[in-house]
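Worksheet for the structure shown next.
The values are calculated or read from the model by the stated rules, or taken from the named source; none is laboratory data. Bear in mind the structure is a predicted one, so any value in this text is a computation, not a measurement. Here the Cβ positions follow ideal geometry from the backbone for every residue, glycine too, while neighbour counts run over all protein chains shown.
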Amino acid sequence: MLLTNRRTAIGAHLAVWLFMSVFFLVVLSWNFPALEAITLSFGNFGLLATVFYGHVWLVDRYYEKAQYGHFFIRGFLLFTLVCTVRYFMHAVILTKYLVSEGVLVVSPEGRLGLFVLATSFIFAVVGVIYRLLLNRYRREMDNLALLAEKQAAELQLLKAQINPHFLFNALNNLYSLVVVGSPQAAPLLVKLSGLLRYVIYESQKDKAALSREVEEMRNFIELFSMQHAVKPDIQFSINGRVESYHIEPMMLIPLLENCFKHADFNKNPKAYCRINLEILPGPRLEMTTENTFNPNDQQKDKVGGVGLENMRRRLQLLYPDDYTLEYSTRDQVFHVRLVTPVLMGAAHK
């Protein structure tokens, strides 16, 4: 692949030029004295390196800035200068040693000029192509890095949008209990404190223990239940061991919050919520929720309807096309099903 590390690139370039120079030095030493062989090999590739890196610089200085006139004029001048110096260097040495022996292998007026022009042109074109490809590769890497940073920032924003919903509800209820001096205020405060600690600290990590998320789901259920004079009909079941798995923090609690938010506990004595977690092969986690709701009560949808859309966006960023999030309504019951990958082992900080 194209080299982007500066030290590695410099070392690789020096190695290539040195290898070519030494190789031709060995070949030329069979027919020329040492000084002339060194001059032809190192001098020749020094000039070719000049035309190569000169055009690399011209690409950055002019071509990438769409200053094509300056690029071609300066490139032509550099190319002409290098070709002239190379031509006379070869002509002096080749004429001195080959013609003096009656052997006219390369003519300064003929094939030598074509050889100099062709090789110089090849190295100039290679320099241009090399730099254009390297610049394109670097731009793509920069774009990927920016995209990754944008997605990370978007994930944090989505978490920030989801988290306050249930916290505001719990705080409002806590305020009401404190005002009337209810003995439920203290245990509610303890539960809320633990949940806040999880939201603030654990949600900043890449992964959290699934067992910890389940624990906070139980706390959330208790917090919600304490807000009602009559304990609501909520059933939470788990199929499989959750201790060995890790998930994205705050992935399940928003679905639980969405279930409670839309349930009609205040108006329907038969209202209920059913939440089930199950570990599937893969391993994958399936979470299903169902809750009764009042189809005539649209106010809750207007207040917090962004929940499931945020969830879908988070899942798409985390597990592109490797998740399931579907929901439906039937007989005034709202159903949600989430299937997402889970990891085994320690959570990442």
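Only one of (1) within 30 Å of Leu252 (Cβ to Cβ); (2) at pLDDT 60 or above fails for His165. Which number is that?
Answer for His165: the failing condition is (2).
All but one of (1) under 38 Å from the mean Cα position of the chain (by Cα); (2) farther than 15 Å from Val116 by Cβ hold for Val51; state the number of the condition that does not hold.
(2)
Looking only at the range 175-191, count how many residues are under 15 Å from Glu215 (Cα atoms) and either modelled with pLDDT of 80 or more or not assigned by TED's automatic domain parsing to the domain that holds Met250 (or both). Spell out the reasoning first.
Initial filter on the range 175-191 (under 15 Å from Glu215 (Cα atoms)): 190-191.
Subset that is either modelled with pLDDT of 80 or more or not assigned by TED's automatic domain parsing to the domain that holds Met250 (or both): 190.
Qualifying residue count, the range 175-191: 1.
Within the group Lys191, Lys270, Lys261, Lys231, which residue is touching a Ser or Thr at 6+ places or on another chain (Cβ under 6 Å) and not β-branched (Val, Ile, Thr)? Spell out the reasoning first.
Values: Lys191 fails: touching a Ser or Thr at 6+ places or on another chain (Cβ under 6 Å); Lys270 fails: touching a Ser or Thr at 6+ places or on another chain (Cβ under 6 Å); Lys261 fails: touching a Ser or Thr at 6+ places or on another chain (Cβ under 6 Å).
Only one candidate passes the filter, namely Lys231.
Would you check which residues across the range 127-158 are at pLDDT 85 or above and of a type outside the set (D, E, K, R) and list them?
Selection gives Gly127, Val128, Ile129, Tyr130, Leu132, Leu133, Leu134, Asn135, Tyr137.
Consider Ser237 against the criteria (1) touching a residue at least 12 places away in the same chain (Cβ under 8 Å); (2) crowded, with 16+ Cβ neighbours inside 10 Å; (3) among the small types (Gly, Ala, Ser): it satisfies all of them except one. Which criterion is unmet?
(2)
Of the conditions (1) within 30 Å of Leu133 (Cβ to Cβ); (2) at pLDDT below 80, Leu28 clears all except one; give me its number.
(1)
If the Cβ limit is 6 Å and pairs must be 6+ apart or interchain, which residue in the range 195-220 that is closer than 13 Å to Val342 by Cα and among the small types (Gly, Ala, Ser) pairs with which residue that is surrounded by fewer than 17 Cβ atoms within 10 Å (Cβ to Cβ) and at pLDDT 85 or above?
Qualifying pairs under 6 Å: Ser211/Glu243.
Name the pairs whose Cβ atoms lie under 9 Å apart, with the first residue in the range 10-36 and more than 27 Å from Gly127 (Cβ to Cβ), the second of a type in the set (Ser, Thr, Tyr), and 6 or more positions between them or separate chains?
Taking only residues 6 or more apart or on different chains, the pairs are Ser29/Ser41; Asn31/Tyr97; Phe32/Thr39; Phe32/Tyr97; Pro33/Tyr97; Glu36/Tyr97.
State the number of residues belonging to the range 218-264 that are hydrophobic (A, V, I, L, M, F, W, C) and outside any helix (DSSP H, G or I).
Pass one, the range 218-264, residues hydrophobic (A, V, I, L, M, F, W, C): 220-221, 223-224, 226, 229-230, 234, 236, 238, 242, 247, 250-253, 255-256, 259-260, 263.
So of that shortlist, the ones also outside any helix (DSSP H, G or I) come out as 229-230, 234, 236, 238, 242, 247, 250-252, 263.
Residues in the range 218-264 being hydrophobic (A, V, I, L, M, F, W, C) and outside any helix (DSSP H, G or I): 11 in total.
Would you mention how many residues in the range 271-300 are modelled with pLDDT of 90 or more, over 34 Å from the mean Cα position of the chain (by Cα) and not hydrophobic (A, V, I, L, M, F, W, C)?
The total comes to 5.
When only residues in the range 197-217 that are hydrophobic (A, V, I, L, M, F, W, C) and in a helix (DSSP H, G or I) count, which is farthest from Val242 (Cα to Cα)? Break it down stepwise before answering.
Going through the range 197-217, the residues hydrophobic (A, V, I, L, M, F, W, C) turn out to be 199-200, 208-210, 214, 217.
Okay, now just the ones that are also in a helix (DSSP H, G or I), so 199-200, 210, 214, 217.
Numbers: Val199: 20, Ile200: 22, Leu210: 6, Val214: 8, Met217: 13 Å.
Among them, the one singled out is Ile200.
Sort out which residues of the range 205-221 are surrounded by 15 or more Cβ atoms within 10 Å (Cβ to Cβ) and touching a Lys or Arg at 6+ places or on another chain (Cβ under 7 Å), and write them in order of number.
Once the filter is applied, which keeps residues that are surrounded by 15 or more Cβ atoms within 10 Å (Cβ to Cβ) and touching a Lys or Arg at 6+ places or on another chain (Cβ under 7 Å), the range 205-221 yields only Asn219.
Can you tell me which residue within the range 11-67, out of those that are of a type in the set (Ser, Thr, Tyr) and outside any helix (DSSP H, G or I), is surrounded by the most Cβ atoms within 10 Å (Cβ to Cβ)?
Tyr62
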